[in-house]
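The values are calculated or read from the model by the stated rules, or taken from the named source; none is laboratory data. This one's a predicted model, so the numbers in the text were calculated from it and none came from an experiment. Glycine gets a Cβ as well: all are built from the backbone with ideal geometry, and neighbour counts include every protein chain shown.
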């Protein structure tokens, strides 16, 4: 797959003007904006339930259900994220601007999927499965941080571009 051709990038700009336009008009942009905080909320609830189970032995079913729910959010955000990336960059994964975030996402998905496989195959018992979930959650936190830093960079780029536009529009003496 090839990326959609874009105008030459200024420095290390995250989005070209055309990519920004496609990002802003993509139906998947607000979907991602809703799913990301919901996934984070599911993560916080699940982390609490898993920690409770691991420290007290209580609440195994609730912790298990919470991990499955968190994993479902992950799969949903990954699928819609692929569609978003296709809309904006012309490819489903590994666009130049999000290459390392996508690599991290693959690792996060692999760990969450390993948890589901262990759960469904009854491998290792509940404690071992919960530790797989914790490893998946640690990877998720790192990957979510990658995306938050990228979002911050995009906002800074937009502010910088807006400032440049204003500066160009201000008449000089």
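Before moving on, here are some points about what is shown:
- Qualifying residues in segment 96-140 (those that are loosely packed, with under 14 Cβ neighbours inside 10 Å and touching a residue at least 60 places away in the same chain (Cβ under 8 Å)) - the one farthest from residue 68 (Cα to Cα): 96
- Residue within segment 4-15 that is over 22 Å from residue 94 (Cβ atoms) and at pLDDT below 95 present: yes
- Of the residues making up segment 89-124, those that are in a loop (DSSP other than H, G, I, E, B) and closer than 26 Å to residue 30 by Cα number 6.
- Residue 127 more than 14 Å from the chain's Cα centre (by Cα), closer than 25 Å to residue 16 by Cβ and part of a helix (DSSP H, G or I): no
- Residue 86 being over 23 Å from residue 138 (Cβ atoms), over 12 Å from the mean Cα position of the chain (by Cα) and part of a helix (DSSP H, G or I): yes
A quick yes/no check of all residues on (1) closer than 30 Å to residue 48 by Cβ; (2) at pLDDT 95 or above:
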site	(1), (2)
65	yes, yes
70	yes, yes
95	no, no
107	yes, yes
132	yes, yes
150	yes, no
160	no, no
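- Residues in segment 16-30 that are crowded, with 17+ Cβ neighbours inside 10 Å and in a helix (DSSP H, G or I): 19, 20, 22, 23, 28.
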